[in-house]
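What follows is a set of notes on a single structure, which appears directly below.
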Amino acid sequence: MMRKRAGLKAGRLSSHFKSFIDRVPAAPLAVAACLLWATAFAGVKTGLQYTDPLSFAGMRFFLAGLILLPFCGPPLRIVREIGKYWKVILTVAFFQTVLLYSLFFLSMDMVEASTGAIVNGISPLVGALLAHFLLAGEGNRLTARKVLSFVIAVAGIVFIGAGKGDLSTIGGRREILGIFLMLAGSISSAFASIYIARKKSPINPVLLNSLQISTGGVVLFLLSLISGSFRSDIFLNPGSGFFPALIYLAFLSATAFSIWFYLLKDRGVPVPTLSIWKFIIPVTGAIFSWIVIPGESPDYLSLSGMAAIGLSVLLFFSGRKASST
């Protein structure tokens, strides 16, 4: 009886959440997800001061999956969904969590937080280019206006990069490797978005996100054990900033990816349209780094780059209603 009541309560919670989010325009939801992601760079750098990249990523995503469970519906429904869509769950978990975030966390252990935000800013272009070749539909085609908006946005990222003093270390082998790992992660993330957009399976996007990030989190943690990089002392003597960073990043992942999957699956927002919003990430990521990381401050080149990225978003959505997507 208690289990049945818990299932009904979870179902009502999921229904109320879905009813609320359906009334919110797509553009504010995409912006909210990108703003959350922008803060991740500083959070990851904080956590990596205390433990290794793979186990930290594993703990983050497993905890994020648990946070989402109350929004996923009754337990019996969850079991049925796993049985029907386990291939989708495992595929998304591989590209969107295991591969992407093993590369991302390893790269963030090699580069500065602001550098990571800037390099990661190229991911929308990667997603839009792959969608142009791999997805059908008019919304996924790259028009001249869209290409111009992407060129301006990439130019803005170059301006930001030129204004960041820490990019002077790009000649170092470790820095170069970290940048290539982050770019490879962007490709993996683009494939995940395209797969979700093409698959059109009826699995609830919040449930899909909960299952894929928790599954990916377990795999990442096991990889840290197998590789011998796991540091057990993190539980015995954690630093003051470790658990706040871990809990915040778990909340961030649970929220941002659920929004993103929902926009791709339930709203049917084209991948290039969503991708353009990701250009917000290097801008807000740099600002957040300036605020929380000692020794980092804005300059004219960085501010010019932010203006260029803002112009690219306006150009992309000129002549159409962004909120209707």
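The values are calculated or read from the model by the stated rules, or taken from the named source; none is laboratory data. Treat the numbers as computed from the prediction; the structure is a model and nothing was measured. Note that each Cβ is placed from the backbone with ideal geometry, even for glycine, and that neighbours are counted across all protein chains shown.
Hey, which of the helices (runs of 4 or more DSSP H) in the range 95-146, taking only ones fully inside, have at least 2 residues that are touching a Leu at 6+ places or on another chain (Cβ under 6 Å) and over 19 Å from Gly268 (Cα atoms)?
On the way: elements: 100-108, 113-120, 123-134.
So the answer is 100-108.
Taking the criterion of being over 22 Å from Ser304 (Cβ atoms) and at pLDDT 80 or above, would at least one residue in the range 168-177 satisfy it? Taking every residue of the range 168-177 in turn, at least one turns out to be over 22 Å from Ser304 (Cβ atoms) and at pLDDT 80 or above.
Residues are listed down the side, and each one gets a yes or a no for (1) in contact with a strand residue (DSSP E or B) (Cβ under 8 Å, 6 or more places away or on another chain); (2) more than 17 Å from Ala42 (Cα to Cα); (3) surrounded by 24 or more Cβ atoms within 10 Å (Cβ to Cβ):
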position	(1), (2), (3)
Tyr85	no, yes, no
Val88	no, yes, no
Thr91	no, yes, no
Gln96	no, yes, yes
Leu99	no, yes, no
Ala117	no, no, yes
Gly121	no, no, yes
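Quick one: would you say Gly241 is over 19 Å from the mean Cα position of the chain (by Cα) and modelled with pLDDT under 80? In short, no. Residue pairs whose Cβ atoms lie under 7 Å apart, separated by 6 or more positions or on different chains, with the first residue in the range 63-79 and closer than 15 Å to Ile89 by Cα and the second at pLDDT 90 or above and surrounded by fewer than 16 Cβ atoms within 10 Å (Cβ to Cβ), do not occur.
Taking the range 208-228, which residues are modelled with pLDDT under 90 and surrounded by 14 or more Cβ atoms within 10 Å (Cβ to Cβ)?
Within the range 208-228, the first condition is being modelled with pLDDT under 90, and the residues that meet it are 208-209, 227-228.
Within the range 208-228, Leu208, Asn209 meet the criteria.
When we screen Ile276, Ile194, Ile226 for residues that are assigned to a helix (DSSP H, G or I) and in contact with a Gly (Cβ under 8 Å, 6 or more places away or on another chain), the only hit is Ile194.
I'd like to verify a number: residues in the range 34-62 that are among the charged types (D, E, K, R) and either surrounded by fewer than 23 Cβ atoms within 10 Å (Cβ to Cβ) or free of Cβ contacts under 8 Å to residues at least 60 places away in the same chain (or both), how many? Full working, then the answer.
Taking the range 34-62 as the starting set, the residues that turn out to be among the charged types (D, E, K, R) are 45, 52, 60.
Filter again for either surrounded by fewer than 23 Cβ atoms within 10 Å (Cβ to Cβ) or free of Cβ contacts under 8 Å to residues at least 60 places away in the same chain (or both), leaving 45, 52.
Selection size over the range 34-62: 2.
Residues to consider are Ser304, Ser253; find the one that is outside any loop (DSSP other than H, G, I, E, B) and crowded, with 22+ Cβ neighbours inside 10 Å. Step by step, each of Ser304, Ser253 is checked, and only Ser253 is outside any loop (DSSP other than H, G, I, E, B) and crowded, with 22+ Cβ neighbours inside 10 Å. Of everything in the range 101-115 that is crowded, with 20+ Cβ neighbours inside 10 Å and not aliphatic (A, V, I, L, M), the residue that is farthest from Ser289 (Cα to Cα) is Ser102. Does Leu66 meet the test of being surrounded by fewer than 18 Cβ atoms within 10 Å (Cβ to Cβ), on the phi < 0 side of the Ramachandran plot, aliphatic (A, V, I, L, M) and at pLDDT 90 or above? Yes: the conditions hold for Leu66.
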